[in-house]
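Below is one structure; the comments refer to it alone.
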Amino acid sequence: MDTVKGFSVPTASIGMGLRAPHYNDLLSELPSVSWLEVHSENYLDEQSVQRHILRQVAQHYPLSFHGVGLSLGSGDSLAPKHLSALKALVDEFQPALLSEHLSWSAVAGRYFNDLLPIPYTRESLEQFCRQVDVAQQALGRQILIENPTAYLNFKVSVFTEWDFLNQIVEQTGCGLLLDLNNIYVNAVNHGFDSYDYLNNINLDAVGELHLAGFSVNEYDQGRILIDTHGSRVSDEVWQLFAQIRHKLDCQAPALVEWDTDIPEMSVLLDEIGKAERVQQLGTDSVLASKSGYEYGVSHEGS
């Protein structure tokens, strides 16, 4: 298979997650989007329709590959078949960015359809770093690690999440994918300050940013934010994005991510336009004018 020449992702550019409902519109209209991110596992089969479509898309847009299946935080060794298929995908398309999650999803050879949290202990740090080293060596390039959403904390944790991620970067040379929605969701659910996170994470290691929406589940005991990626980006996350761009000067490319209740592509393009305005103007003027849309928290359950 011939290698598809990869394009670079411009600094401070805004991308869009590529999802199947938008294949036809994207290829027929070729909208002005700086770059696209795809979920790696959807394209591992070299003979699949999805791989064929990705070859067409790659002729027009820079790509970021975002994986959900390596299970870097597991006690199991990385699955050789999965790693080999991912390497073949990376070798063919030469994506500008490659990322995975701070999570686990496999135990004793069984895989779960979820990104499960890990305790922030020295033992789990050593194991995660070993797995990152194996993955980067096998793939022949740096990977970015995304901060997770977690709906519980472990009493045995001895690191904050940002310190744990900073240690991974220091020990493996990997980069970070900083999901601002995940930071905000965790901050509300677990009672810490989002801005403390931003002020302490190693921003020099951040190679990509994610912007997404969340939902709110209401209970008698209170409420919990759910990272559904199924609504517009909230005002609070836009404010974190403005902080990143204007106060902390992190100019990593950013992605508008939408995975559930996927809307028409025009809605995603509208969110991209808003991201561009926020990074140019800040949030005050942008959030004051919502063009008829209700930005912010969606109160639909997950």
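The values are calculated or read from the model by the stated rules, or taken from the named source; none is laboratory data. Owing to the predicted nature of the structure, the values given are computational and were not obtained by experimental measurement. Because the Cβ atoms are built from the backbone with ideal geometry, glycine has one as well, and the counts that use them run over all protein chains shown.
Here is how the numbers come out for the structure above:
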| quantity | calculated |
| --- | --- |
| Some residue of region 184-198 being in contact (Cβ under 8 Å) with a residue 40 or more places away in the chain, under 15 Å from the mean Cα position of the chain (by Cα) and surrounded by 15 or more Cβ atoms within 10 Å (Cβ to Cβ) | yes |
| Count of region 76-89 residues which are in contact with a Gly (Cβ under 9 Å, 6 or more places away or on another chain) and surrounded by fewer than 20 Cβ atoms within 10 Å (Cβ to Cβ) | 4 |
| Asp204, sole failed condition from (1) touching a residue at least 24 places away in the same chain (Cβ under 8 Å); (2) part of a helix (DSSP H, G or I) | (1) |
| Qualifying positions in region 113-126 - within 22 Å of the chain's Cα centre (by Cα) and surrounded by 12 or more Cβ atoms within 10 Å (Cβ to Cβ) | Leu115, Leu116, Pro117, Ile118, Pro119, Tyr120, Ser124, Leu125 |
| Matching residues, region 106-154, being among the small types (Gly, Ala, Ser), within 25 Å of Ala205 (Cα to Cα) and either at pLDDT below 90 or out of contact with any Leu (no Cβ under 8 Å at 6 or more places or on another chain) (or both) | Ser124, Gly140, Ala150 |
| Residues within region 90-114 that are on the phi > 0 side of the Ramachandran plot and either touching a helix residue (DSSP H, G or I) at 6+ places or on another chain (Cβ under 9 Å) or of a type in the set (A, V, I, L, M) (or both), tallied | 1 |
| Answer from Leu72, Leu18 - the residue that is touching a residue at least 24 places away in the same chain (Cβ under 8 Å) and over 18 Å from Met265 (Cα atoms) | Leu72 |
| Boolean, Glu46 is out of contact with any Pro (no Cβ under 9 Å at 6 or more places or on another chain) and either surrounded by 15 or more Cβ atoms within 10 Å (Cβ to Cβ) or more than 30 Å from Arg277 (Cα to Cα) (or both) | yes |
